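**Q** The structure's right below; bear with me while I get my questions together.
Laboratory data are not the source of any read-out in this text; all were calculated from the coordinates shown. This is a predicted model, so every value here is computed, not measured. Here the Cβ positions follow ideal geometry from the backbone for every residue, glycine too, while neighbour counts run over all protein chains shown.
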Amino acid sequence: MIEAPRPLDEEADALFTRLAVAAGLNPTDRWVGGYAAYEWAHLRHVLRAYGLAVADRDLLEFGCNVGGSLVVLAALGARATGIDVDPQMPPLALANCRRHGLEAKATVIEAGRALPFADASFDLIVANSVLEYVADDALAPTIAEFHRLLRQDGRLLICGTASRLSPKESHSGRWLVNYWPKAFDRFTGRPLQRGLSPLALAAAFDGRFLRVPDGDAAWRRARIAIHGRLTPAARLCGALGRITGLGPGWMSPTIEMVLRRL
């Protein structure tokens, strides 16, 4: 059994702390220094539930942030590469991996530009809590890039993605903001965080990806593995998924699904 990753390298741990502070982050925060532990308790179960074996596979994490997911992927034996538009994140993600005694790659990308990899470079792409930050007009080109980079029959895992269907925006915790037109932001003086519309996401997938046959059952397995049972909210998402025909992962407050490359 693979043990949970833990900080082992004191020098890399000190570097991670310095880089986090320089980026204006608290290195002891749950979503910074503790993010790898959180993802070990969540992403690992999602991968298993969907039958996504990552050992000895080439994986890309789109939006690596501080490297929480990258640590988990590397610990499970993946040849993991992370990318992020924030130039401070890839070095932080690499330091996070190294302080856990793990190796990965990470690089900065430019928003709106083609991703710096050859066609068919990866077996799996992970987009964890990131697609809601992609500009509306960049969503379809981003999904097209995923299609280009995946090998034949490769998989795309989308998880933790705040949905615009939810009455409560999952990152900010604001109620009803998902339902406000963006024109209302002029009254707040700044753009407010909103979730991603599942319909916009579905349109971006069209002709490029298909849902995997076992996806709905896998979503339920993941919820049970993480929470120990299906919560009332999960049961409601399941019911809505059956009614709409979209599946529970499309209807949940955080969008989650695995898609197969066409």
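**Q** Amide H neighbours of A106 under 5 Å, at least 5 residues apart or on other chains, H built in the peptide plane: list them.
**A** It is G82, by chain and number.
**Q** If amide H atoms are built 1.01 Å from N in the plane of the peptide, which residues on other chains or at least 5 residues away come under 5 Å of the amide H of R57?
**A** Those qualifying (amide H under 5 Å, at least 5 residues apart or on another chain) are R79.
**Q** Give me the percent of DSSP beta bridges within the chain that run antiparallel, rounded to the nearest 5. Don't skip to the answer; put the middle values down first.
**A** Values: 10 of 29 bridges.
Among the beta bridges of the chain, antiparallel pairing accounts for roughly 35 percent.
**Q** Moving to a separate point now. With θ set to phi - 60° and the Karplus curve 6.51 cos²θ - 1.76 cosθ + 1.60, what are the ³J(HN,Hα) couplings of region 12-23 in order, to the nearest whole Hz, using x for Gly and Pro?
**A** 5, 5, 5, 5, 4, 4, 5, 5, 5, 5, 4, 8
**Q** Mind jotting down the distance between the C-alpha centroids of region 186-262 and region 124-180, whole Å?
**A** 10
**Q** Name the trypsin sites (Lys or Arg not before Pro) in region 132-196 that are in a loop by DSSP and that have at most 15 other C-beta atoms within 10 Å, would you? Display every interim value, and only then the final one.
**A** Details: sites: R148, R151, R155, R164, K168, R174, K182, R186, R194; in loops: R164, R174, R194.
Taking region 132-196 and a limit of 15 other Cβ atoms within 10 Å, the loop trypsin sites (Lys or Arg not before Pro) found are R174.
**Q** Whole-Hz ³J(HN,Hα) for each residue in region 115-120, computed from phi via Karplus 6.51 cos²θ - 1.76 cosθ + 1.60 with θ = phi - 60°, x for glycine and proline: what do you get?
**A** Per residue, the Karplus-derived 3J(HN,Hα) values read 6, x, 9, 6, 4, 6 Hz.
**Q** Given a cut-off of 23 Å, what percent of all Cα-Cα pairs of region 31-261 lie beyond it?
**A** Of all Cα-Cα distances in region 31-261, 47 percent exceed 23 Å.
**Q** About the Cα centre of the chain, what is the dipole size in debye to 20, counting +1 per Lys and Arg Cβ and -1 per Asp and Glu Cβ, all else neutral? Before the final figure, lay out each step's value.
**A** Working: 31 positive and 27 negative charges, 190 e Å.
It comes to approximately 920 debye.
**Q** Also, I was wondering about something else. Ignoring everything except DSSP H segments at least 4 long, calculate the 222 nm mean residue ellipticity for the chain; use -39,500 (n - 2.57) per segment, divide by total residues, nearest 500. Write out the running numbers ahead of the final one.
**A** Details: 11 runs with 101 residues, N = 262.
So the helix-based figure for the chain works out to -11000 deg cm²/dmol.
**Q** Still on this model: Go through region 1-94 and name the GluC sites (Glu not before Pro) that are in a DSSP coil and have 14 or fewer other Cβ atoms within 10 Å of their Cβ.
**A** On the way: sites: E3, E10, E11, E39, E61; in loops: E3.
The qualifying sites are E3.
**Q** Need the full-extension length gain, D56 to K182, defined as separation in residues times 0.36 nm minus the C-alpha distance. One decimal, nm.
**A** The span from D56 to K182 would gain 41.0 nm if fully extended.
**Q** Tell me, what ³J(HN,Hα) does each residue in region 71-80 have, in order and in whole Hz, if you take phi through Karplus 6.51 cos²θ - 1.76 cosθ + 1.60 with θ = phi - 60° and put x for Gly and Pro?
**A** Each residue's phi maps through the Karplus curve to give 4, 5, 4, 5, 5, 8, x, 7, 8, 9 Hz.
**Q** Sticking with this one: Picking from L124, L52, L70, which is most flexible by a Gaussian network model of the chain using Cα springs under 10 Å?
**A** Most flexible of the set in this elastic network: L52.
**Q** For F209, what residues show an amide H to amide H distance below 5 Å, using hydrogens built from the backbone and excluding near sequence neighbours?
**A** L262
**Q** So, R0 is 22 Å and r is the distance between the beta-carbons of T107 and E11; what FRET efficiency does that work out to, to 0.05?
**A** Numbers: r = 22 Å, r/R0 = 1.01.
Calculated value: 0.50.
**Q** Along the charge dipole of region 1-119, pointing to its positive end and built from +1/-1 on Cβ of Lys, Arg, Asp and Glu, which listed residue (N65, Y50, N26) has its Cα farthest out?
**A** It is Y50.
**Q** Something else now. Counting only other residues whose beta carbon sits under 11 Å from that of G112, what net charge do I get with K and R as +1, D and E as -1?
**A** Details: positive: R113; negative: E110, D137, E145.
Result for the local shell: -2.
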